Amino acid sequence: MHTTRTALRHDGRRMHPYFMLWLAGLLLAAALLPVQAEASAATAETRYVAVNGDRIAYRSLGKGSPILLANRMRGTLDTWDPLFLDSLAQQHRVITVDYPGVGYSSGKLPDDMGQVADFLRGFADAVKLDRFAVLGWSWGGMASQALLLQAPQRVTHAILVGTNPPGPIERPIQQVFIERAIKPVNDLADDEVLFFEPKSAFSRAAAKASHGRIYARPGVTSKIPATMEQFQVYFKAGTGFRDDVAGRREQLIRSRTPMLILCGDNDPSTAGQNWFPLMGQLANAQLIMYAETGHGPQHQYPELSAEYIDRFLARAQR
């Protein structure tokens with residue numbers, strides 16, 4: 001006599017052997033399905049939203065608490081170091097955006113930092129960000145300061161990278177930076193001067209590695225602003241921020257928004273030393289200065305910078 005072996009279900013009843021075979025086949029088929037990889041900085045889709053009638057380009061990667069990145073002068077979606085973005089995205093949702101009239105976005109770039117902050121707030125509305133951290137590099141760091149003062153209830157934290165505070169500064173931009181910054185196209189040698197410390201072999205090696213990661217994407221230079229007319233818009237907004245008619249310097253001193261300031265000790269554009277007079281006055285700020293580093297500390301130290309930012313966001317409170 002043959003007996004048929006059956007398995008017990010969780011309720012004590014037996015499952016038919018053919019059902020068991022079907023279930024095993026189903027599980028095997030599911031296991032063989034291709035696993036969809038998480039988007040990286042190199043593969044993230046360029047998406048578009050409407051902000052004030054303009055078609056605005058952005059990319060989003062990672063999951064977790066959101067960080068909105070505000071870019072430097074002439075920066076586009078393509079010019080962030082991918083390793084820095086991917087490192088940040090391990091713990092957070094990272095959103096990069098092109099300003100109006102820059103990169104992949106339509107429209108016209110504002111020449112006033114208050115208007116740039118308005119744009120960032122409108123963009124946050126369009127992508128349904130309620131409360132978020134903002135990370136601003138250089139020109140974008142100035143816009144981020146304007147934003148955190150305009151919308152303190154929405155900006156939870158501010159990470160200010162290679163940028164200046166509003167108002168008077170002790171170390172102005174150097175001519176060597178201006179000469180390289182206004183070239184229509186920048187090469188590796190320019191990047192060493194603009195964003196790194198060319199006197200340091202370590203920094204030059206970091207520049208080469210970062211440059212290689214950024215320009216691995218085809219067509220990067222085709223989207224970078226390259227005309228003097230475009231540069232003048234950036235300059236006007238930056239000059240207005242420094243003149244500080246709006247009184248942002250005093251407002252920043254009184255702000256309780258946690259601020260992390262990342263800078264290099266040899267920044268020829270927005271010297272980190274310009275923050276020193278404020279560090280005894282800012283109510284809720286931390287400053288990290290990297291040695292042998294220039295205007296792009298997060299590109300010289302992408303993973304370390306992401307680690308500092310992650311710890312800051314986790315622990316810094318109003």
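A few points about this structure:
- Charged-residue dipole, Cβ positions (Lys, Arg, Asp, Glu), the chain about Cα centre, Debye nearest 20: 1260
- Rel. contact order, % - alpha carbon contacts under 8 angstrom, at least six apart, region 47-315: 23
- Local charge for Asp54 was computed over the other residues whose Cβ lies under 15 Å away, with Lys and Arg +1 and Asp and Glu -1, and equals +1.
- Exposure proxy shown here: for Val134, Val49, Val245, the number of other Cβ atoms within 10 Å sets the order, fewest to most, as Val245, Val49, Val134.
- Using every pair of distinct Cα positions in the chain, the Kirkwood expression returns a hydrodynamic radius of 21.1 angstrom.
- Region 185-318 shape via C-alpha gyration tensor axes, a/c threshold 1.5: oblate
- Options Pro258, Gly247, Val102, ranked by Cα towards positive dipole end of the chain, top entry (Cβ charges): Pro258
- Dividing the C-alpha radius of gyration of region 113-252 by 2.2 N^0.38 Å, with N its residue count, gives 1.16.
- Shape call, region 226-289: gyration tensor on alpha carbons, a/c limit 1.5: oblate
- Listed cross-link partners Lys183/Lys236; Lys108/Lys236; Lys128/Lys223; Lys63/Lys128 are compared with a 20 Å cut-off, the Cα-Cα value being larger for Lys128/Lys223.
- Site-free segments of the chain were taken between GluC sites (Glu not before Pro) in DSSP loops having at most 13 other Cβ atoms within 10 Å, sites themselves excluded; the longest one is 171-318.
Values quoted throughout were computed directly from the atomic coordinates according to the rules given, and no laboratory measurement underlies them. Model, not experiment: these values are computed from the prediction. Because the Cβ atoms are built from the backbone with ideal geometry, glycine has one as well, and the counts that use them run over all protein chains shown.
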